[in-house]
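The values are calculated or read from the model by the stated rules, or taken from the named source; none is laboratory data. Since this is a predicted model, take the numbers as computed values, not measurements. All Cβ positions, glycine included, derive from the backbone under ideal geometry; neighbour counts span all protein chains shown. What goes into the accessible areas is simple: the full protein's heavy atoms, side chains included, and nothing from ligands, DNA or RNA. Shrake-Rupley method; radii C 1.70, N 1.55, O 1.52, S 1.80 Å.
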Amino acid sequence: SRSLSSQAPRQWGRPPFPAGWRTALLDNPSLTVRNWYGHNPIRVVLDRTLSLPNDLQIFDGNVPTFIFTEKQQAEKKNITYITINFNHNPLKQIMEALYQRKIQSLLVEGGRQLLQSFIDNELWDEAYIEKCPSRLHSGVKAPQMDDNFSYSIEEHFERQIWHYVRRI
């Protein structure tokens, strides 16, 4: 996304930002408020085997961070390790753990696999998809939305944004 469009999610409040293991490793995201003002969201990271390097930005201790893992680990400054069973519907366990901590909203800016998991498990209410004006011939394929969902097309920051709403 462009620098302007990356500001939009930060304007929607401060729900937690989850990241999958691959996104955390390859992108080293800060998962914080950037290019905008306001409080940082809680960071949510999936690290099944605690194999992410400790020098990633998500481990800097500056922002409350939940690490979902299958291994026991002592808490560190601003980092809470939450043990779940990755072999038995991990997203449901993650959502339950967040709900128990009074977190009822989640902004998923994950990679393809994490996003597709939320879509496939119907764990979403709204989706905003920024469409690139150029045809990309390589790279990671975008997650797929079911054709049965209604959407509207909006213009923001000189880009088309497809706004899907899941009717329950």
Determine the share of segment 38-136's accessible area contributed by carbon and sulfur atoms, expressed in whole percent, with a 1.4 angstrom probe. 45
Could you list which residues have their amide H under 5 Å from that of residue 79, counting only those 5 or more apart in sequence or on another chain, with H placed in the peptide plane? 65
Helix 90-100: angle to the longest alpha-carbon principal axis of the chain, degrees 0 to 90, nearest 10? 80
Can you order the peptides 64-72, 77-85 by their average number of other Cβ atoms within 10 Å per residue, highest first? 64-72, 77-85
Using Cα-Cα distances under 8 Å and only pairs 6 or more residues apart, what relative contact order does the chain have, in percent? 19
Give the accessible area for residue 131 in Å² (nearest 10); use a 1.4 Å probe, count only protein heavy atoms, and leave out ligands, DNA and RNA. 70
GNM on the chain, Cα springs under 10 Å; top mean-square fluctuation among 40, 87, 62 goes to 87
Rank 30, 117 by accessible area, highest first, at a 1.4 Å probe radius? 117, 30
Taking only the alpha-carbon positions of the chain and ignoring solvent, what does the Debye formula give for the base-10 log of I(q)/I(0) at q = 0.09, 0.14 Å⁻¹? -0.32, -0.79
So what J values fall out for segment 75-89 if you push phi through Karplus, 6.51 cos²θ - 1.76 cosθ + 1.60 with θ = phi - 60°, rounded to Hz, Gly and Pro as x? 5, 10, 4, 6, 10, 10, 9, 10, 8, 9, 9, 6, 8, 9, 6
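Could you tell me what percent of the DSSP beta bridges with both partners in segment 11-168 are antiparallel, to the nearest 5?
Here the antiparallel bridges make up roughly 55 percent for segment 11-168.
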If I take R0 = 35 Å and measure r between the Cβ atoms of residue 146 and residue 74 in this structure, what FRET efficiency does the formula 1/(1 + (r/R0)^6) give, to the nearest 0.05? 0.25
Taking R0 as 25 Å, what FRET efficiency do you get between residue 153 and residue 100 from their Cβ-Cβ distance, rounded to the nearest 0.05? 0.10
May I ask you to derive the FRET efficiency for residue 134 and residue 26 from their Cβ-Cβ distance with R0 = 25 Å, giving the value to the nearest 0.05? 0.65
Go ahead and estimate [θ] at 222 nm for the chain from helices alone: -39,500 (n - 2.57) per DSSP H run with n ≥ 4, summed, over the residue count, rounded to 500. -5000 deg cm²/dmol
